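Shown next, in structure tokens, is the structure this report addresses.
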Amino acid sequence: MATTPNAATPADVPSNPQVLSRRWFNADDIAHLVTLIAAASILLITVLLVYQLWVLSAEARTKFGWHFFFTQTWDPVAGDFGALPFIYGTLVTSAVALLIAVPLGVGAAIFLAELAPPKLSSSLSFVSDLLAAVPSVIYGLLGVFLLVPIMRTTVQPALKKTLGFLPFFKGPSYGIGFLTASIVLAIMIVPFVLSVSREVLLAIPRDQREAALALGATKWESTWKVVVPAARIGIFGSVFLALARALGETMAVTMVIGNNPKISESLFSPGYSIAAVLANEFSEATGNLYLSALIELGLVLFLLTFILNGLARLLILVTTARGSGVLPS
Amino acid sequence: MSMRLVWRKSLNVVMLSLTGLCALLTVSALFFILGYLVWNGGKDLSWSFFTHLPAPVGEEGGGMANAILGTMKLLLLAALFGVPIGLLGGVYLAEFGGRTVPFLVRYTADLMNGVPSIVMGIFAYALVVMPMHHFSTFAGGIALGIMVIPTVLRNTESFLRDVPRSLREGAFALGANKWRMIASVVLPAASRGILTGVLLALARVAGETAPLLFTAFGNRYWSPGWNQPTASLPVVIYTYATGPYEDWHRQAWAAGLVLLGLVLITNILVRAFLTSGTAYERT
Amino acid sequence: MRFIKKLSLLVGLLAIATTLATAQGQVLLNAAGATFPYPMYSKWFDLYRQVHPGVQINYQSIGSGGGIRQLLDKTVDFGASDGPMTDDQLKQASVPILHFPTVMGADVPSYNVPGVSAELNFTPEALAGIFLGKVTKWNDPAIASANSGVKLPGDDIVVVHRSDGSGTTYIWTDYLSKVSPEWQTKVGKATSVNWPVGLGGKGNEGVAGLIQQTPDSIGYIELIYAVQNKIAYGRVKNATGAFVKADLAGVSAAAAAAAKSMPDDFRVSITNPEGNKAAYPISSFTWLLIPSKFTDAKKRDAVKDFLKWMMTDGQQYCEGLAYAKLPKEVVTKEMKAIALIQ
């Protein structure tokens, strides 16, 4: 038993040997069983969730098959449903949100990890964590009353004037649409990028930086060319994590995206996302096909976030020693 | 000094200042949000806001008393449902464990944490509302409770692991068996961290709207017991903010302030409480 | 720890206290559905609760589509819709559903055009064109021809429609289907359609909110929402060629012919009626959807009593909220139909 003094290793710590004879009614075994059931319930709930989503979406899956992912129409009257507009909206808003949030978050993380004195770094990081705790509906509230008018009267016309030749900035500016939703999402996911990137950067050993500086690099060069590349896998992980979060955001998005299932290259136009259509139409879908089409969308969203989160955890794990505890014991 | 050196030095200054700007922007976002809500919502906080029921549509006045109580009831249910399971699960992972099951459970818990809350709402609808044939506080509580479990589980495990071995061995030396050691020695030692994790998890689900849309539904009056639909702060904020009535908008701001205040205060107190003692591990 | 315990104890006590409130024989009814009559229903249920303190009717305005669906799923005690249930939907119900008209209202074309304070006239062709996405600018001849003397800007029209399943949508698309063959084939009429253009708002509330906040927008909302929120709304040309602004007289006139020949199940459309100069062409009844069999006798009696109250005392509050009262013939017929609820 010469292991580290502070970690509890379950395998090493024995049960009371005196009650080995009464295996089945051993209080320790009951405790073992009860806690095992509690832990296994997570697995049970996940399985049940996937099962429910799978079963309830059966009607839509059998009727549309793979075609579901390539159809643009969403026509409850005719009973014709396609997921493309929602997948498009979800991906576009998340992608643009990442474009804004990742430079911001990584930049701030670099500042906090490399430049700021430790106290400032941890208090600013604390503030960023608080930002992550703000409920989605509050972001929606601010989005609707504050951001949308600004977008409509100031930002979007300005973009149109300067970059209007690009297909992304054409069309009338309602204030509501892909761009506004992306901006709200960006603010919501920056804290995730920031906190994980900061941890990952801090985990890079000091001698890497010092070696670079010893070779004559400026502080920026040592950061950008040595530390960040060493941490890049973890930073990618943070990007995936943020992406997974952005994909599933519901309330803030549905309040500012326009709720129109149309595909358009212009970021000014209204659109729809999977989470938003679920929020709007789930409690009203009349008819089993309609409902099961919506649940199929829910299944798609679930799988997307599940896979992305899995990849993210893996990447972050690889970079930080602490990781997320996935490494066995 | 060569041109190249000048370039490198100026690039250094520029880029580093940019990163400082990024940090500043991120941090100021929070203060801006908070400030705006205080300014806009603070002026409509009144006694009637906290104690009255909503007025008929289109009429002025009325308050959110039922939504506030509804949120509290939902959180109570979520805690009752989610905390024991998460706690016991965390105990299993830290104390009993093995290799495969803990690995699977941890991984799944992290993944469940990332599942969009609207999907949880659909799940709770299919699981609770459909068989029961009505919307209820209970269904909403289950939806939120499921969301609480992964956070509490990982948090409990992490704090239990931090308890020093010597404490455990001391308990055994005194003749305790395993469960006694856990219950009387290890859990109390980790209780501070575990409690903070629970509070953080509850603060997070307090603001969730999507899962409540088709479970707790909504109620313009008091919701007696646990079997009836109930109003809740986030859902009312959403409904009022997207409506046309000026009075609704004012109430939405006030409610937003209350909700944000609750969430932020919990987060600040809890994290400050934690860091003043043992070093904490952020989930 | 102790503080948390005390807090939980407090909340628990509160919960128990509110639970006990039920134990005193309160009848709790849950209903959901149309946003079209929501201001009226919320006032009625509030008033009724004051007159009968033991009965609490919790109505959630989630749209007619939602009302029908939740009724079919049996998660609410009764529903409400301004689009009558289709035969297919009625087949899905486990017990026969009865339609009870409550009030009549109007869908108005509501707009927010900066610089235009006059009341605009809309022809059926203009409305269909706008919502089909073919009429894209405010100064398009289709609109301008009916509004000589009004300076219309050359801005793009922002169309606003419902994002949720809506009876208000049903009324609007029912009207458009009658006046525009292209609309009929391309889009059709239902509570939820495949809109060619526009932003989606949730509920009448959401659409009104969007119109208010979006310049150059036009949408369809129930009359009271435009009135209460002071949003401009225009006149519509009816089947006889007259431009009529939505009001109580216009709506009642639209229902006049239908009132006399009301079918037994009360499902009738009164959009674009012929022959009446004063009729507002986009009017409609709105219905409460009541199951014909209740398992809980207390609930059944409460519902029947409410219906009776609604048709007698309740009707006096309609006009204050810009809804038209039910015609006398319809009330008589409904009173008889109440007996069908068991």
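Below is a table of values for the structure above.
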{"quantity": "Qualifying residue in segment C:289-296 (condition: surrounded by 16 or more Cβ atoms within 10 Å (Cβ to Cβ) and under 17 Å from the mean Cα position of the chain (by Cα))", "calculated": "yes"}
{"quantity": "Residue count for segment C:214-238, restricted to those that are surrounded by fewer than 22 Cβ atoms within 10 Å (Cβ to Cβ) and either farther than 25 Å from residue C:136 by Cα or among the basic types (Lys, Arg) (or both)", "calculated": "6"}
{"quantity": "Matching entry among B:187, B:160 (being in contact (Cβ under 8 Å) with a residue 40 or more places away in the chain, at the interface with chain A (Cβ under 8 Å from one of its Cβ atoms) and within 15 Å of residue B:89 (Cα to Cα))", "calculated": "B:160"}
{"quantity": "Tabulated pairs, segment C:147-158, first assigned to a loop (DSSP other than H, G, I, E, B), second charged (D, E, K, R), C-beta under 7 angstrom, 6+ apart or interchain", "calculated": "C:154/C:137; C:155/C:137; C:155/C:216; C:157/C:137; C:157/C:216"}
{"quantity": "Helices (runs of 4 or more DSSP H) contained in segment A:77-192 and holding at least 2 residues surrounded by fewer than 19 Cβ atoms within 10 Å (Cβ to Cβ) and at pLDDT below 90", "calculated": "A:118-133, A:156-163"}
{"quantity": "Breaking point among (1) more than 8 Å from chain B (Cβ to nearest Cβ); (2) surrounded by fewer than 21 Cβ atoms within 10 Å (Cβ to Cβ), for residue A:224", "calculated": "(1)"}
{"quantity": "Unmet criterion (only one of (1) farther than 22 Å from residue C:319 by Cβ; (2) surrounded by fewer than 24 Cβ atoms within 10 Å (Cβ to Cβ); (3) within 13 Å of another protein chain (Cβ to nearest Cβ); (4) touching a Phe, Trp or Tyr at 6+ places or on another chain (Cβ under 7 Å)) for residue C:152", "calculated": "(3)"}
{"quantity": "Residues located in segment A:240-288, provided they are within 9 Å of chain B (Cβ to nearest Cβ) and not in a helix (DSSP H, G or I)", "calculated": "A:249, A:250"}
{"quantity": "Qualifying residue in segment A:74-95 (condition: touching a strand residue (DSSP E or B) at 6+ places or on another chain (Cβ under 7 Å), within 9 Å of another protein chain (Cβ to nearest Cβ) and not hydroxyl-bearing (Ser, Thr, Tyr))", "calculated": "yes"}
{"quantity": "Of all residues making up segment B:235-259, the number that are in a loop (DSSP other than H, G, I, E, B) and either crowded, with 24+ Cβ neighbours inside 10 Å or more than 9 Å from chain C (Cβ to nearest Cβ) (or both)", "calculated": "3"}
{"quantity": "Candidates A:282, A:268, A:306 - the one that is at pLDDT 85 or above and under 18 Å from the mean Cα position of the chain (by Cα)", "calculated": "A:306"}
{"quantity": "Answer residue from segment C:51-93, given it is more than 11 Å from every other protein chain (Cβ to nearest Cβ) and free of Cβ contacts under 8 Å to residues at least 60 places away in the same chain and is farthest from residue C:316 (Cα to Cα) among those", "calculated": "C:91"}
{"quantity": "Residue within segment C:242-252 that is surrounded by fewer than 16 Cβ atoms within 10 Å (Cβ to Cβ) and free of Cβ contacts under 8 Å to residues at least 12 places away in the same chain present", "calculated": "no"}
{"quantity": "Extreme residue, farthest from residue B:58 (Cα to Cα), among residues of segment C:314-330 that are among the aliphatic types (A, V, I, L, M) and assigned to a helix (DSSP H, G or I)", "calculated": "C:330"}
{"quantity": "Residue list for segment B:1-54, filter: in contact (Cβ under 8 Å) with a residue 12 or more places away in the chain and within 11 Å of another protein chain (Cβ to nearest Cβ)", "calculated": "B:33, B:34, B:37, B:40, B:41, B:53, B:54"}
{"quantity": "Sole residue being assigned to a helix (DSSP H, G or I), within 13 Å of chain B (Cβ to nearest Cβ) and at pLDDT below 90, chosen from A:33, A:49", "calculated": "A:33"}
{"quantity": "Any chance residue A:239 is within 22 Å of residue B:121 (Cα to Cα) and either free of Cβ contacts under 8 Å to residues at least 24 places away in the same chain or of a type in the set (A, V, I, L, M) (or both)", "calculated": "no"}
{"quantity": "Residues of segment A:121-166 classified as more than 9 Å from chain B (Cβ to nearest Cβ) and not small (Gly, Ala, Ser), total", "calculated": "18"}
{"quantity": "Where a residue in segment C:282-295 is closer than 20 Å to residue C:35 by Cα and its partner, wherever it lies, is among the aromatic types (Phe, Trp, Tyr) and part of a loop (DSSP other than H, G, I, E, B), with Cβ under 9 Å and at least six apart", "calculated": "C:284/C:36; C:285/C:266; C:286/C:36; C:286/C:323; C:287/C:266"}
{"quantity": "Residue count for segment B:97-107, restricted to those that are farther than 19 Å from residue B:193 by Cα and touching a residue at least 40 places away in the same chain (Cβ under 8 Å)", "calculated": "1"}
{"quantity": "Tally, over segment B:110-125, of residues that are assigned to a helix (DSSP H, G or I) and modelled with pLDDT of 90 or more", "calculated": "9"}
{"quantity": "Helices (runs of 4 or more DSSP H) (entirely within segment B:126-234) containing at least 1 residues that are among the polar types (S, T, N, Q)", "calculated": "B:137-162, B:165-173, B:187-206"}
{"quantity": "Helices (runs of 4 or more DSSP H) fully within segment C:199-299 counting 2 or more residues that are within 14 Å of chain A (Cβ to nearest Cβ)", "calculated": "C:203-213"}
{"quantity": "In segment C:99-115, residue surrounded by the fewest Cβ atoms within 10 Å (Cβ to Cβ) [restricted to those that are touching a residue at least 60 places away in the same chain (Cβ under 8 Å) and part of a loop (DSSP other than H, G, I, E, B)]", "calculated": "C:114"}
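Matching residues to (1) in contact with an Asp or Glu (Cβ under 6 Å, 6 or more places away or on another chain); (2) over 30 Å from residue B:70 (Cβ atoms); (3) surrounded by fewer than 23 Cβ atoms within 10 Å (Cβ to Cβ):
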{"site": "B:155", "(1), (2), (3)": "no, no, no"}
{"site": "B:159", "(1), (2), (3)": "no, yes, no"}
{"site": "B:172", "(1), (2), (3)": "no, yes, yes"}
{"site": "B:199", "(1), (2), (3)": "no, no, yes"}
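The values are calculated or read from the model by the stated rules, or taken from the named source; none is laboratory data. Computed from a prediction, not measured in an experiment: that's the story for all the values here. No Cβ is skipped: glycine too gets one built from the backbone with ideal geometry, and neighbour counts run over all protein chains shown.
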